[in-house]
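The values are calculated or read from the model by the stated rules, or taken from the named source; none is laboratory data. Worth saying up front: this structure is predicted, and the values here are computed from it rather than measured. Neighbour counts run over all protein chains shown; Cβ positions are idealised from the backbone, glycine included. What goes into the accessible areas is simple: the full protein's heavy atoms, side chains included, and nothing from ligands, DNA or RNA. Shrake-Rupley method; radii C 1.70, N 1.55, O 1.52, S 1.80 Å.
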Amino acid sequence: MGHTLLCELGLFLLCTFPFNGHAEDAVLTSDPDWSTFFPGESVTFICDMKEGEVTDWEYKIKKDDKEFIPYNSHKTYPLQISSTYDSGNYQCCGRKRSSHDPKCSNVLSLTVSGRPKPTLTPGTTTISVGDTVRLTCSVERSDGWKYEWFRQTSDTEEVQLPTNDGHNKVISVSRGGIYRCRGGRGNPHFFTYISDDVTIHVTFPNKPVLRQQPYWSPTFSGEMITLTCEVSGGESTEWVYEWRRARSVVHHENKKYWKFRASESISGDYDCRRHLRDDSYSSTEWSEAITLSVSRRPRPTLTPGTTTISVGDTVRLTCSVERSDGWKYEWFRRTSDTNEVQLSTNDGQNKIISVSQGGIYRCRGGRGNPDFYTYSSDEVTIHITFLNKPVLSQQPYWSPTFSGEMITLTCEVSGGESTEWVYEWRRARSVVYRENKKYWKFRASESISGDYDCRRRLRDDSYSSTEWSDSFSLMILERPLSVLTVSPSWLSPGASVTLSCVVQHPSAGWRFYWYKALPDISDKFGSYIKELLPGSIDGTAQDSYIVHGQRDTAGYLCRAGRGDPVYHTVYSNPKFVWSGDFNPSASLTVNPDRAQHFTSDSVSLTCEGNSTEWRVRRFTDTSLLLCSFWGTMNGSTCNVHEFSTAVYWCESGSTFSNAVNITGQPVSRAESSSSLFHVLLIVGLFSGISLIILLLLFCHYKQSKDSCFVRSQSTSQSSATDHMTNQDEAEHNTYAALLHGDVSIYESIKSPEDENCVIYEVAI
């Protein structure tokens, strides 16, 4: 025998009671006899013995062949189903009180399932006004149900619908709304879950039409838009209007108008409908969709006929927003000196205007109510030009110009002298200076090299101007050096010395300034005090200067200057003329007093004369340094441990000693000692020969008006040591032929007439 029972525990349990015993012994039945039970429901087992009185028996219940309820006097047993664990095969057994021989019933199979959810099935979900639709609620594979029905709308709470006292499995409805159902059975009632929602829409036959006002395509972000949902009929009824975007409701309104500000994010397809205010599921159909395309706020294009016109002419300016209409345009003008003002125009679209003033122009478009405005257009600059072209010149005109010089640029324009003008100068086509006068005076620097041009404009209208002048190239270099040369480098006492000064990067306009270099003993770095030579306080036009009657070693400098105020070059490096003549007020002695020195020799250079402060200086091809840089100064003596080929002299105040050109040979001390004998032998031989030659030359000089000369010759410095006065070429060649070998000879021969005249200083 099959039975069904609904119970509630969240699971479905199927209970089946097949008859499996002997009818003549005992019968097990259930109440109710449903085929399926559910957790939460209850069932009563009834055990009926086929003989004797009820009181003659004791009863027990077995589940799955195990004792479930022990023997007792009750033939019925109520079971409250709590879970699927209550599923199983049940059987009852009875025994007489006077006997222990049991008799068992048939087996009932009890299956428990989870709590069910009914299925709600509509005949359709959309009906016209006045029609009805059948709704069916059912719980599968079980029976004994009665159904309850519920309705709600989006605006009202859910309520239970009144129905008849039958099963109510099928009902008919004519109102729109959200419907649900559930089943119940048993006593006390056991209820299923609530079914899923079913929405019934009641539609009106008149279909709405959706419109956009104003209708512009595209619409721009920021514009005000009005959507209108037009439906004919039913004006006396209270309606609610709905608008959808991409089939999702985005707005409700009691009026058929929806006004909002557009933005790019709301682009899409829109449709609308209306429904009864008190029944949101009784509505019209949705309208046909319209596409709303929203673009970012536009920028109009301003197009000039030209950007440069002559005085008295006009130019047409056109403003437009592409691919859209309905615009009226506003125009604005400003200058670099005035604020922007709106131009007065006619009441039309003002898409095209004509202007005759120079300035910066822009426009914008507006449309709608309230007005929606585009961005402002890019600016267009209109220039009014005068016919007379300026000429740019530089005063003074020197090329190149040097950093630090004062320059005056002049912008010459013929005519209009009575008008107030502003002058502009450009470098690399970028304005760098403005001036009310046509002159621009400034100090030059390397960073401002480049091409310059100029123009002039009216003071009260910066866009009414002349054309730009032709470009003028201004090349500016760093402050130049002056380079001094002296001739001769080695003096014959009383001879003339020629100073020559050259400016780096030759150019015009220079005057030359000549200085004597006087030692600054207080300066440990060995600088010189510069003393202007006679006649050069205002500079000389010539780039040379002659010093007459120079007897002693002396240092000179020069520099050049030009312009007003005077712009000077960098001072030249000091240059020297050297004299081998012993000056009574300052002299240099070398110890050991040998002609030959090696680079590893220790040598002492001693200054003597009318001073207590001395410094020793040396000159090489690459440097002019004090003793402190290459030796050790101790009082008036400079001790040298590593000797170099150079010219050496002493300095004190304004006094220079005689100069000595010493050659240092790169020979080690060991080699020098081992060859000392050979050196002494060679020195003795050459000394004898030299003495004979000197006596012959002395006699020759007595015959040549007792002239006196100084000769200093070095194998390493021919330019500095090969100068001769009052001697012909034959004598020079004879003398040069006798000077050879590795020995340096220093000799002084005095004339009877001039005991201070050094005849020879020879370094070989």
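Summary of values
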read-out	value
For Phe643: the one exception among (1) modelled with pLDDT of 80 or more; (2) under 23 Å from Lys524 (Cα atoms); (3) buried (at least 16 other Cβ atoms within 10 Å of the Cβ)	(1)
Selection count, region 438-450, where residues are open to solvent by 70 Å² or more (accessible area, probe 1.4 Å) and part of a strand (DSSP E or B)	3
Yes/no for Asp453 being in contact with a strand residue (DSSP E or B) (Cβ under 9 Å, 6 or more places away or on another chain), of a type in the set (Asp, Glu) and either open to solvent by less than 20 Å² (accessible area, probe 1.4 Å) or farther than 22 Å from Ser356 by Cβ (or both)	yes
Any hit, region 142-163, residues being within 18 Å of Thr203 (Cα to Cα), out of contact with any Pro (no Cβ under 9 Å at 6 or more places or on another chain), touching a residue at least 40 places away in the same chain (Cβ under 8 Å) and in a strand (DSSP E or B)	no
Residue list for region 260-279, filter: farther than 21 Å from Gly368 by Cα and of a type in the set (A, V, I, L, M, F, W, C)	Cys272, Leu276
Any hit, region 272-286, residues being open to solvent by 30 Å² or more (accessible area, probe 1.4 Å), touching a Ser or Thr at 6+ places or on another chain (Cβ under 7 Å), free of Cβ contacts under 8 Å to residues at least 60 places away in the same chain and not β-branched (Val, Ile, Thr)	yes
Set Arg427, Arg443, Arg434: member being touching a Gly at 6+ places or on another chain (Cβ under 6 Å) and of a type in the set (Lys, Arg)	Arg427
Selection within region 501-526 - polar (S, T, N, Q) and either closer than 17 Å to Leu481 by Cβ or assigned to a strand (DSSP E or B) (or both)	Gln504, Ser507
Extreme residue, modelled with the highest pLDDT, among residues of region 580-595 that are polar (S, T, N, Q) and open to solvent by less than 30 Å² (accessible area, probe 1.4 Å)	Ser587
The listed residue being closer than 27 Å to Glu340 by Cβ and of a type in the set (Gly, Ala, Ser), out of Ser445, Ser496, Ser430	Ser430
Scope region 279-323; condition aliphatic (A, V, I, L, M), assigned to a loop (DSSP other than H, G, I, E, B) and over 38 Å from the mean Cα position of the chain (by Cα); matching residues	Ala289, Val311
All positions within region 145-160 that are in contact with a Lys or Arg (Cβ under 9 Å, 6 or more places away or on another chain) and open to solvent by 40 Å² or more (accessible area, probe 1.4 Å)	Lys146, Glu148, Gln152, Asp155, Glu158, Val159, Gln160
Qualifying residue in region 564-571 (condition: under 57 Å from the mean Cα position of the chain (by Cα) and open to solvent by less than 30 Å² (accessible area, probe 1.4 Å))	yes
Test: residue in region 242-258 that is closer than 24 Å to Val129 by Cβ, touching a His at 6+ places or on another chain (Cβ under 6 Å) and either modelled with pLDDT of 95 or more or open to solvent by less than 60 Å² (accessible area, probe 1.4 Å) (or both)	yes
Members of region 27-51 that are acidic (Asp, Glu), open to solvent by 40 Å² or more (accessible area, probe 1.4 Å) and under 15 Å from Thr111 (Cα atoms)	Asp31, Asp33
Residue in region 505-513 that is open to solvent by 80 Å² or more (accessible area, probe 1.4 Å) and of a type in the set (A, V, I, L, M) present	no
Test: residue in region 491-500 that is open to solvent by 10 Å² or more (accessible area, probe 1.4 Å), under 30 Å from Ile407 (Cβ atoms), touching a residue at least 12 places away in the same chain (Cβ under 8 Å) and not in a strand (DSSP E or B)	no
Selection from region 407-437 of residues that are loosely packed, with under 15 Cβ neighbours inside 10 Å and more than 26 Å from Thr335 (Cα to Cα)	Thr408
Subset tally (residues that are touching a residue at least 60 places away in the same chain (Cβ under 8 Å) and farther than 16 Å from Leu120 by Cβ) for region 176-198	3
Unique match (being more than 23 Å from Leu491 (Cα to Cα) and either of a type in the set (D, E, K, R) or in contact (Cβ under 8 Å) with a residue 60 or more places away in the chain (or both)) among Asp552, Asp538	Asp538
Filter result (of a type in the set (Ser, Thr, Tyr), surrounded by 15 or more Cβ atoms within 10 Å (Cβ to Cβ) and out of contact with any helix residue (DSSP H, G or I) (no Cβ under 6 Å at 6 or more places or on another chain)) within region 382-406	Thr385, Thr401
Strands (runs of 3 or more DSSP E) contained entirely in region 173-237, each with at least 2 residues that are within 30 Å of Tyr373 (Cβ to Cβ) and either open to solvent by 60 Å² or more (accessible area, probe 1.4 Å) or among the polar types (S, T, N, Q) (or both)	209-213, 224-230
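Quick grid of which residues meet (1) free of Cβ contacts under 8 Å to residues at least 60 places away in the same chain; (2) in contact with a Leu (Cβ under 7 Å, 6 or more places away or on another chain); (3) part of a loop (DSSP other than H, G, I, E, B); (4) crowded, with 20+ Cβ neighbours inside 10 Å:
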residue: Ser82; (1), (2), (3), (4): no, yes, yes, no
residue: Tyr90; (1), (2), (3), (4): no, yes, no, yes
residue: Arg95; (1), (2), (3), (4): yes, no, no, no
residue: Ser99; (1), (2), (3), (4): yes, no, yes, no
residue: Cys104; (1), (2), (3), (4): no, no, no, no
residue: Lys117; (1), (2), (3), (4): no, no, yes, no
residue: Leu120; (1), (2), (3), (4): no, yes, no, yes
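Yes/no per residue for (1) of a type in the set (A, V, I, L, M, F, W, C); (2) farther than 30 Å from Glu288 by Cβ:
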residue	(1), (2)
His167	no, yes
Ile171	yes, yes
Pro205	no, no
Arg211	no, no
Tyr215	no, no
Phe220	yes, no
Thr228	no, no
